[in-house]
Amino acid sequence: MLVVMRADATAEQIAAVCRHIESLGLRAHAIPGAQRTAIGITGNKGALEPSDLEVLEGVAEAIRVSKPYKLVSLEVKPEPTVVRVGRAAIGGGELAFIAGPCAVENREQLFRIADQVAATGAQLLRGGAFKPRTSPYAFQGLGEKGLAILAEARERFGLGIVTEAIDTESLALVEQYADMIQIGARNMQNYSLLRRAGQSRKPVLLKRGMAATLDEWLMAAEYVLSEGNYQVVLCERGVRTFSDHSRNTLDLSVVPAVKAVSHLPVIVDPSHGTGRRDRVLPLARAALAVGADGLIVEVHDQPEHAASDGPQSIYPRQLEQLMEQARRLAPLLERSAPGAAAGAGAHPAYGAGEGR
Ligand code: PEP
Ligand code: MN
């Protein structure tokens with residue numbers, strides 16, 4: 001159920017409606033919009049009658065939400081959500097770029113890469129400290145030590161930090177150190193983890209599960225919002241198909257499909273989406289063209305020695321090219337792109353000639 005308040009409803013009237021909803025054992029989510037405030041109602045106490053709510057002061061109408069997801073839907077909030085993380089406003093006019101290695105391997109590695117990421121103008125640094133690996137014998141990440149290195153890099157390079165939590169224990173640590181909590185594809189339907197992320201005050205980057213439908217993905221986001229955390233960014237990272245020429249099939253058509261039903265920002269990960277360095281730039285350009293609010297890309301200066309995902313990690317030089325291409329594309333897309341930092345391009349030795 002959704003309660004739409006009148007445009008002239010007072011703050012007291014909104015609060016009174018919320019109190020009434022909570023007194024019924026339900027949860028009220030007041031969501032201010034450009035024209036009016038909407039109050040989403042969640043809980044599993046059975047159906048409410050719209051007429052019981054329409055008699056309350058300041059209420060314009062109460063409507064049943066037709067979709068299974070509610071708080072993420074355009075019905076509840078017609079305006080796009082903008083999620084602020086560090087210098088980035090994801091879903092706003094400026095495209096957002098999250099770049100960095102798959103995993104934090106050591107301080108020197110992260111600092112070298114972060115320095116070059118910052119120079120390109122990308123606003124946010126990625127790097128896993130807790131890695132969900134297919135093999136239990138593969139590098140699992142540095143854990144809290146990796147988070148401390150990321151936090152140091154934030155101070156030194158002025159980049160907001162995005163890093164993955166793989167369970168509720170690591171989430172408690174990630175929220176202390178990072179600016180955005182990544183929930184990985186393998187955990188998209190880990191409902192206790194989603195609820196815990198919903199109780200955090202840090203924004204959440206929710207990757208699409210590798211076999212998740214759009215509705216399942218949106219329902220996963222709904223778990224986070226239903227706990228009171230409305231700062232969620234969706235991330236398409238490729239799905240499993242019969243196609244075997246790339247690691248996953250990047251489902252770019254899901255971007256406009258999300259935009260048609262949800263107010264949440266959506267970004268694209270062409271690194272996991274393709275698994276191949278030479279495919280990252282073309283798919284990154286395509287992602288921006290279909291309306292993505294930003295990109296997350298894996299970058300490594302020595303990918304042949306990377307602890308994970310080396311083959312899909314682009315060189316810093318290629319990230320610079322990508323950012324330059326995004327700056328040229330942005331006006332066509334009625335967006336802007338962040339400018340390069342002064343001194344950018346000072347690292348010609350890295351990966352020259354690898355880009356397209
Ligand atoms: C990652 O970002 O390194 C990662 C593990 O991504 P995904 O969950 O999309 O596989
Ligand atoms: Mn990776």
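The values are calculated or read from the model by the stated rules, or taken from the named source; none is laboratory data. Not measured: the values here are computed from a predicted model. Every residue, glycine among them, receives a Cβ derived from its backbone with ideal geometry; neighbour counts consider all protein chains shown. We work out accessible area using only protein heavy atoms, side chains counted, and drop any ligands, DNA or RNA first. Shrake-Rupley method; radii C 1.70, N 1.55, O 1.52, S 1.80 Å.
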Q) Considering only the stretch 185-203, how many residues are crowded, with 19+ Cβ neighbours inside 10 Å and within 13 Å of ligand 1 (Cβ to nearest atom)? A) 5
Q: Please find, within the stretch 271-285, the residue that is most open to solvent (accessible area, probe 1.4 Å) out of those that are assigned to a helix (DSSP H, G or I) and within 11 Å of ligand 1 (Cβ to nearest atom).
A: His272
Q: Filter the stretch 88-113 down to residues that are in contact (Cβ under 8 Å) with a residue 40 or more places away in the chain, away from ligand 1 (no atom under 16 Å from the Cβ), open to solvent by 10 Å² or more (accessible area, probe 1.4 Å) and of a type outside the set (Gly, Ala, Ser), then give me how many there are.
A: 5
Q: Tell me which residues, restricted to the stretch 250-289, are more than 16 Å from ligand 2 (Cβ to nearest atom), within 19 Å of the chain's Cα centre (by Cα) and farther than 30 Å from Gly33 by Cβ.
A: Arg285, Ala286
Q: Scan the stretch 300-324 and report the pairs whose first residue is within 15 Å of ligand 2 (Cβ to nearest atom) and open to solvent by 40 Å² or more (accessible area, probe 1.4 Å) and whose second residue is among the basic types (Lys, Arg) and not in a loop (DSSP other than H, G, I, E, B), with Cβ atoms within less than 9 Å and a gap of 6+ or a chain change.
A: Pro311/Arg277
Q | Some residue of the stretch 42-51 being open to solvent by 10 Å² or more (accessible area, probe 1.4 Å), over 22 Å from Tyr223 (Cβ atoms) and assigned to a strand (DSSP E or B) | A | no
(Q) Can you confirm whether Ala211 is part of a helix (DSSP H, G or I), without any contact (Cβ under 8 Å) to a residue 60 or more places away in the chain, more than 16 Å from ligand 2 (Cβ to nearest atom) and open to solvent by 10 Å² or more (accessible area, probe 1.4 Å)? (A) no
Q | Complete set of residues in the stretch 8-41 that are open to solvent by 60 Å² or more (accessible area, probe 1.4 Å) and either under 23 Å from Leu264 (Cα atoms) or assigned by TED's automatic domain parsing to the domain that holds Val224 (or both) | A | Arg27, Pro32, Ala34, Gln35
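Can you name the residue in the stretch 108-126 that is on the phi < 0 side of the Ramachandran plot and small (Gly, Ala, Ser) and is also farthest from the chain's Cα centre (by Cα) among such residues? Steps first, answer last, please.
Of the stretch 108-126, the ones on the phi < 0 side of the Ramachandran plot are 108-120, 122-126.
Imposing the further condition that a residue be small (Gly, Ala, Ser) reduces the set to 114, 118-119, 122.
Numbers: Ala114: 20, Ala118: 19, Ala119: 22, Ala122: 15 Å.
If we take residues in the stretch 108-126 being on the phi < 0 side of the Ramachandran plot and small (Gly, Ala, Ser), then Ala119 is farthest from the chain's Cα centre (by Cα).
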**Q.** Pick from the stretch 116-175, criterion of a type outside the set (Ser, Thr, Tyr), free of Cβ contacts under 8 Å to residues at least 40 places away in the same chain and within 16 Å of ligand 2 (Cβ to nearest atom), ranking: surrounded by the fewest Cβ atoms within 10 Å (Cβ to Cβ)
**A.** Gln140
